[in-house]
Amino acid sequence: MAPADFLRDYWQKRPLLIRNAFTDFVSPIEPEDLAGLACEEAALARIISHDRPRDAWHVRTGPFEEDEFPGMPHQDWTLLVQDVDKWDADIAALLEHFRFLPRWRIDDIMVSFAAPGGSVGAHVDQYDVFLLQAQGHRRWQIDASDSPPVDFRNDVELKLLREFNPTHDWLLGPGDMLYLPPGVPHHGVAEDACLTFSVGMRAPSAAELLGDFVDTLAAEADDRLRYRDPDLAPPADPAEIDVEAINRAVEALNMLRMNDPDRLGDWFGRFITLYRSAGEVMPSGPERSRIEIEWDLDQGARLVRHPWSRMAWRSSGREGRLFASGQVLPLPASDAACIANGTALDGEAYRALTQTGRDVVFDLYRAGHYVLDTDEGDGDLGG
């Protein structure tokens, strides 16, 4: 299917099951790798267990101890680890298949291992998700009706649906993928020991957008902009807040509106490259001089972007704006596009930048957004 057809007919409209989306798919990681990652201090991991006789659900958060996993039950539990694309370069490489979507819309790849019968219960997500079966088999049921019930149970710590009436039932094997738009109730149960990759989108709520927007307006507001009433007349009741007072309050708020498209664009770029960031970009290892960096690039080295560094760009007339984990960096649009799109910069790409672009890259390197990779075979991006 052409990406334009998918976006027109399915994106945020209706589910789509794609058989053999990845032909002859072989998982880049094994369950043992996922268990090892779940033991890392910085990893976001959970184990969800289901007690079927009592229909009770239990959630534990990591990090976990390595010796826990050999003693786990043979059924009815799931290990979930967020942001695996930030830890494993082979998992991150899967995102290249989703370039038909804005990169800044993609949040992470969550990987789950489920023992037979393992599940996280019937639930609903408020964001788009692609569910790629990596190993084993998982049965997915969805409710694609027009107005599905979405009330939650109040007896579990998970947001599980109180009522679930599936309209579709599919068994997915390795390479099969299910796309679900926001708001579609779904329930996945492992038929055998299996791995599932969930490519989830960033979808800030209106409340989150408004909260950050208002904070930005307030921080940048001129203190001289205030509630004013030069047209005040003697009130009929001095204790009453009349309609005119409310109108003046609205007028005061309207003075803070961000009518400048550039200011609005800069706010959104900063916001979306910070939104839902679970990790922090920090320099690691000894800092090298610019001369050393450029010499290494000429010898075949690459500047590899830190896995937690999120970048996007936009055009602003002849100039561009690069957004890097909440920063806004003015530079030529061609440079901004090159830097934002490249998970790694080799010598050729670096030399193609303007002097301003190269200055920005070096500043980003010093801030930890890049690490110097002198070995092309080294695919470990760290975490």
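The values are calculated or read from the model by the stated rules, or taken from the named source; none is laboratory data. Keep in mind it's a predicted model, so treat the numbers as computed, not measured. Heads up, the Cβs are rebuilt from the backbone with ideal geometry, glycines too, and the neighbour counts pull from every protein chain shown.
For the reader, a short list of remarks on this structure follows.
- Test set (1) of a type in the set (Asp, Glu); (2) out of contact with any helix residue (DSSP H, G or I) (no Cβ under 9 Å at 6 or more places or on another chain); (3) more than 30 Å from PHE271 (Cβ to Cβ) - ASP222 fails condition number: (3)
- Tally of residues being over 15 Å from the mean Cα position of the chain (by Cα) and either over 23 Å from ALA203 (Cβ atoms) or charged (D, E, K, R) (or both) across the stretch 262-280: 3
- The strands (runs of 3 or more DSSP E) falling completely within the stretch 107-191 that include 3 or more residues that are buried (at least 16 other Cβ atoms within 10 Å of the Cβ) and of a type in the set (A, V, I, L, M) map to 129-135, 177-180.
- From ALA337, ALA352, residue being of a type in the set (A, V, I, L, M, F, W, C), modelled with pLDDT of 95 or more and more than 20 Å from PHE271 (Cα to Cα): ALA352
- Hey, SER119 small (Gly, Ala, Ser), within 19 Å of the chain's Cα centre (by Cα) and under 20 Å from ASP76 (Cα atoms) or not: no
- Residue-level check: of (1) farther than 30 Å from VAL214 by Cβ; (2) modelled with pLDDT of 95 or more; (3) of a type outside the set (D, E, K, R), PHE268 misses just (1).
- The stretch 22-39 - residue that is assigned to a loop (DSSP other than H, G, I, E, B) and either at pLDDT below 95 or not aromatic (Phe, Trp, Tyr) (or both) and, of those, farthest from ALA93 (Cα to Cα): CYS39
- The criterion of being modelled with pLDDT under 95 and in the same structural domain as LEU132 (by TED's automatic domain parsing) does not hold for VAL189.
- Filtered residues of the stretch 40-56 (kept if among the acidic types (Asp, Glu), surrounded by fewer than 14 Cβ atoms within 10 Å (Cβ to Cβ) and assigned to a loop (DSSP other than H, G, I, E, B)): GLU41, ASP55
- Scanning the stretch 267-300 for residues that are among the hydroxyl-bearing types (Ser, Thr, Tyr) and touching a helix residue (DSSP H, G or I) at 6+ places or on another chain (Cβ under 9 Å), we see that the one that is surrounded by the fewest Cβ atoms within 10 Å (Cβ to Cβ) is TYR275.
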